[in-house]
Amino acid sequence: MEDKITRWENPPSLPPTHYVDNRIFTDSEIFSEERDGIFAATWKLVCHESELPQPGSYRALTLAGRPLIVVRGHDNEIRTFFNICPHRGAPLVRDERGTFGKRIQCFYHLWTYDLVGNCTGITRPVGYEPVGFSKEGIGLRPVRTEIIGGLVFVSIQNEVEPLEDFLGTMVDHIRLHLPDDQPLEVFHYHRSEIRCNWKLWVDNNSEQYHEFLHVLNRKTGLAQPDYHERRWHLYPNSHNVIDQGAMNYGNVGLEERSEGLMPGMQPDALLVMLLFPDIMINVRATVMRIDTITPVAPDRTIVEWRGLGLKSDSREQREIRTRHHNQVWGPAGRNLPEDISAVEAQQISMSNDAFRYSIYAREEELRPHDDSNLRSFYQEWGRRVGRWPHDAGARRSEKTELGVVGIASE
Amino acid sequence: MPVNKEQTKLEDRETIRTLISSSAKFLDEGNYAHFTELFLENGRYLLVARSDEIGRDMTWLDMSRDELVVLLKESHQHVHDLAERMHIVSVDQILLDGLDNSAQVQSSFAVFRTDTAGNTQVYAVGRYRDSLERDGKDWRIKERCVNVQTRMFRTPTPTPL
Ligand code: FES
Ligand SMILES: [Fe+2]
């Protein structure tokens, strides 16, 4: 009995890369370090350009606690600003989405701005004349914005490395699956607040081993003869992608997906990729899904789900994509409730220190059920927040590495 | 036995009200076989919502009765929400066609979710827009379109609302 309890409380006898101290999912100090060290320090996908269909279109959102608006200018350029009026801090817009005319007008004292961020009008400016203050001396706070494959990324860290450098090899995968000459379009959007740490959602979505959880995946994927022949490809900054593999939808009475394939996809194939830290792109042959995350608290996470087809889709084609999307995904899909049940239950076990260590020890030469991609994710996380994933209490000095994540990346 | 047309209409309306409330009750009880029997053979079930974020109407489910039967038959194989659900439905409008052989019905609904610890919360609200057809003595659903206003679900599920 003693022995069994000690075994439960002590770190597992595995290399330190192969398990995680669960306090990284529950600790509020670590949570704020992540906000500064990851979400405020790197690139974040905020929307797809099809969500800003015309000059003047805007989307409002929050990144690492900062309210932002993404705006398509009259020059068609997409820019991002703090959604804050520089006068006294009223929000420039109060809704999620809309279209500006020529100007953005603050609702409080009616100052106006153009879509490039210049202040174009101050009400009753005469009052500022004695102190020599005028609209020329003020404007909206710009935010770094870059677009690749129609995906709009922003960073509130002005000195952040260029997006393409950050994404590295993943740029090729993005260009293959979201090519500029075949633009995509968002047709589905929903979100949920899930009661778990944001990393558990990324972890769940990136992990292929948990396909055992899903009836649908057991029947359509795990039973496929060459299921285990695919390989993970791990890249710097912990981005990763797994080879496509064909599913057998007929096994659950669903139609096959051989026509109207999304760019770069093979018939019936499933593709999963992660852009660190939180962008999960899944393609099931005829339809794409993109998840992104907003951490709210150590045990609360808002997940946004988008479904995408091709902008050029006919009505019939879009209906097929929508159906294929909904067969598995969407709020009424078969898999989502199962994933949420799993991660929320994990979070409960981890709270109050009842369950200290999680095991990430599978080594299968980068085959689907290898945990290398998750090990790489947690190491990258640790590097950015200055902690060790296996010992949440310890701060790491400078960029020491534990070495082998599993198998070297290519 | 009905004595005149007015009485038939009243009886039809009463039958239709019962049909709508039974549909909700069967779902609450997990009695999916009875739920799907309320649909005509070529019946259809739709779940639609509006996204303010992307400014579009979305279809979340669009199934024939047969597809719905398969989905619900398999539902016990899925890891599912252990909470109980309760529908409160109010029929707002029943429009019978001239021949009294079909009807358009609009109802409002709220679904409450009671978790395993006994906490109850509103799970979803919305409207049913039902197209019904007379089927002998009974009425059955040709198409149910569930227009759901709630978009942030505490626990998503493929079980019809
Ligand atoms: S706060 Fe915007 S005009 Fe005053
Ligand atoms: Fe899953």
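The values are calculated or read from the model by the stated rules, or taken from the named source; none is laboratory data. If you're wondering where the values come from, they're calculated on a predicted model, not measured in any experiment. Cβ coordinates were reconstructed from backbone atoms using ideal geometry, including for glycine residues, and neighbour counts include every protein chain displayed. With ligands, DNA and RNA removed, areas are computed over all heavy atoms of the protein, side chains included. Shrake-Rupley method; radii C 1.70, N 1.55, O 1.52, S 1.80 Å.
Among the residues of the range B:91-99, is there at least one that is within 30 Å of A:Asp339 (Cβ to Cβ), in contact (Cβ under 8 Å) with a residue 40 or more places away in the chain and more than 11 Å from every other protein chain (Cβ to nearest Cβ)?
Kept after step one, since they are within 30 Å of A:Asp339 (Cβ to Cβ), are these residues of the range B:91-99: none.
Within the range B:91-99, not a single residue is within 30 Å of A:Asp339 (Cβ to Cβ), in contact (Cβ under 8 Å) with a residue 40 or more places away in the chain and more than 11 Å from every other protein chain (Cβ to nearest Cβ).
When B:Asp92, B:Asp28 are checked against the criterion of being surrounded by fewer than 20 Cβ atoms within 10 Å (Cβ to Cβ) and outside any strand (DSSP E or B), a single residue qualifies: B:Asp28. On the given criteria, is A:Thr112 β-branched (Val, Ile, Thr) and away from ligand 1 (no atom under 16 Å from the Cβ)? Taking the combined requirement at face value, the residue does not satisfy it.
Out of the residues in the range A:352-394 that are among the aliphatic types (A, V, I, L, M) and part of a helix (DSSP H, G or I), state the one that is surrounded by the most Cβ atoms within 10 Å (Cβ to Cβ). Give the derivation first.
Step one: filter the range A:352-394 for residues among the aliphatic types (A, V, I, L, M), giving A:354, A:359, A:361, A:366, A:374, A:385, A:392, A:394.
Pick out the ones that are also part of a helix (DSSP H, G or I) and you get A:374, A:385.
Numbers: A:Leu374: 26, A:Val385: 23.
Top of the filtered list is A:Leu374.
Of the numbered criteria (1) away from every other protein chain (no Cβ under 14 Å); (2) open to solvent by less than 50 Å² (accessible area, probe 1.4 Å); (3) at pLDDT below 95, the one B:Ser51 fails is (1). Looking at A:Phe100, A:Phe81, just one residue is within 21 Å of A:Thr42 (Cα to Cα), away from ligand 2 (no atom under 16 Å from the Cβ), more than 14 Å from chain B (Cβ to nearest Cβ) and modelled with pLDDT of 95 or more, and that residue is A:Phe81.
Every residue in the range A:314-334 that is on the phi < 0 side of the Ramachandran plot and surrounded by 21 or more Cβ atoms within 10 Å (Cβ to Cβ), please.
Let us first name the residues in the range A:314-334 that are on the phi < 0 side of the Ramachandran plot, namely A:314-329, A:331-334.
Once the filter is applied, which keeps residues that are on the phi < 0 side of the Ramachandran plot and surrounded by 21 or more Cβ atoms within 10 Å (Cβ to Cβ), the range A:314-334 yields A:Arg321, A:Thr322, A:His324, A:His325, A:Asn326, A:Gln327, A:Val328, A:Trp329, A:Pro331, A:Ala332, A:Gly333, A:Arg334.
Answer with yes or no whether A:Ser349 is surrounded by fewer than 21 Cβ atoms within 10 Å (Cβ to Cβ), within 15 Å of ligand 2 (Cβ to nearest atom) and of a type outside the set (Phe, Trp, Tyr). When the stated conditions are applied, A:Ser349 does not pass them. Taking the range A:295-342 as the range and being under 20 Å from the mean Cα position of the chain (by Cα), more than 8 Å from chain B (Cβ to nearest Cβ) and part of a helix (DSSP H, G or I) as the test, the residues that pass are A:His325, A:Val328, A:Asp339. Return a yes/no flag: does the range B:31-45 have any residue that is closer than 14 Å to B:Pro160 by Cα, among the aliphatic types (A, V, I, L, M) and within 14 Å of chain A (Cβ to nearest Cβ). No: the range B:31-45 contains no residue that is closer than 14 Å to B:Pro160 by Cα, among the aliphatic types (A, V, I, L, M) and within 14 Å of chain A (Cβ to nearest Cβ).
Taking the conditions (1) within 11 Å of chain A (Cβ to nearest Cβ); (2) surrounded by fewer than 13 Cβ atoms within 10 Å (Cβ to Cβ); (3) within 17 Å of the chain's Cα centre (by Cα) in turn, B:Pro158 satisfies each one other than (2).
Taking the range A:84-97 as the range and being open to solvent by 50 Å² or more (accessible area, probe 1.4 Å) and either away from ligand 1 (no atom under 11 Å from the Cβ) or within 14 Å of another protein chain (Cβ to nearest Cβ) (or both) as the test, the residues that pass are A:Arg94, A:Asp95, A:Glu96, A:Arg97.
Could you please give the count of residues in the range A:46-64 that are more than 14 Å from chain B (Cβ to nearest Cβ) and part of a strand (DSSP E or B)?
Restricting attention to the range A:46-64, the residues satisfying the condition of being more than 14 Å from chain B (Cβ to nearest Cβ) are A:55, A:63-64.
With the extra rule that they be part of a strand (DSSP E or B), the set shrinks to A:63.
Here the count works out to 1.
Scanning the range A:213-246 for residues that are in contact with an Asp or Glu (Cβ under 9 Å, 6 or more places away or on another chain) and basic (Lys, Arg) yields A:Arg218, A:Arg230, A:Arg231.
Can you spot a residue in the range B:50-66 that is of a type in the set (Lys, Arg), farther than 30 Å from A:Glu51 by Cα and within 12 Å of the chain's Cα centre (by Cα)? First the steps, then the outcome.
Within the range B:50-66, the subset of a type in the set (Lys, Arg) is B:50, B:56, B:65.
If we keep only those that are farther than 30 Å from A:Glu51 by Cα too, we end up with B:65.
Applying the additional criterion that residues be within 12 Å of the chain's Cα centre (by Cα) yields none.
Scanning the range B:50-66 turns up no residue that is of a type in the set (Lys, Arg), farther than 30 Å from A:Glu51 by Cα and within 12 Å of the chain's Cα centre (by Cα).
One residue stands out in the range A:157-188 among those that are open to solvent by 40 Å² or more (accessible area, probe 1.4 Å) and acidic (Asp, Glu): the one that is modelled with the lowest pLDDT, namely A:Glu159. Residue count for the range A:1-22, restricted to those that are charged (D, E, K, R), touching a residue at least 40 places away in the same chain (Cβ under 8 Å) and either open to solvent by 70 Å² or more (accessible area, probe 1.4 Å) or under 30 Å from A:Phe153 (Cβ atoms) (or both): 1. Kindly establish whether A:Pro67 is within 16 Å of ligand 1 (Cβ to nearest atom), open to solvent by 30 Å² or more (accessible area, probe 1.4 Å) and not in a loop (DSSP other than H, G, I, E, B). Considered against the rule, which asks whether it is within 16 Å of ligand 1 (Cβ to nearest atom), open to solvent by 30 Å² or more (accessible area, probe 1.4 Å) and not in a loop (DSSP other than H, G, I, E, B), A:Pro67 comes out as yes.
Report whether or not A:His210 is in contact (Cβ under 8 Å) with a residue 24 or more places away in the chain, touching a helix residue (DSSP H, G or I) at 6+ places or on another chain (Cβ under 7 Å) and surrounded by 21 or more Cβ atoms within 10 Å (Cβ to Cβ). Outline the logic, then answer.
Numbers: in contact (Cβ under 8 Å) with a residue 24 or more places away in the chain: yes; touching a helix residue (DSSP H, G or I) at 6+ places or on another chain (Cβ under 7 Å): yes; surrounded by 21 or more Cβ atoms within 10 Å (Cβ to Cβ): no.
No, not satisfied.
Count, please, the residues in the range B:106-129 that happen to be among the charged types (D, E, K, R) and buried (at least 18 other Cβ atoms within 10 Å of the Cβ). If you could, list the steps in order and put the result at the bottom.
Within the range B:106-129, the first condition is being among the charged types (D, E, K, R), and the residues that meet it are B:113, B:115, B:127, B:129.
Filter once more, so that each one left must be buried (at least 18 other Cβ atoms within 10 Å of the Cβ): B:113.
Total satisfying the criteria: 1.
With a requirement of 1 or more residues that are small (Gly, Ala, Ser) and within 16 Å of ligand 2 (Cβ to nearest atom), the strands (runs of 3 or more DSSP E) lying completely within the range A:157-259 that satisfy it span A:184-194, A:239-246.
Could you identify the single residue in B:Leu132, B:Leu71 that is of a type in the set (A, V, I, L, M), open to solvent by less than 80 Å² (accessible area, probe 1.4 Å) and within 23 Å of A:His325 (Cα to Cα)? Even if it seems obvious, please write down each step before you answer.
Numbers: B:Leu132 fails: within 23 Å of A:His325 (Cα to Cα).
On inspection, the qualifying residue turns out to be B:Leu71.
B:Asp66: in a strand (DSSP E or B), touching a strand residue (DSSP E or B) at 6+ places or on another chain (Cβ under 9 Å) and open to solvent by 40 Å² or more (accessible area, probe 1.4 Å), yes or no? When the stated conditions are applied, B:Asp66 does not pass them.
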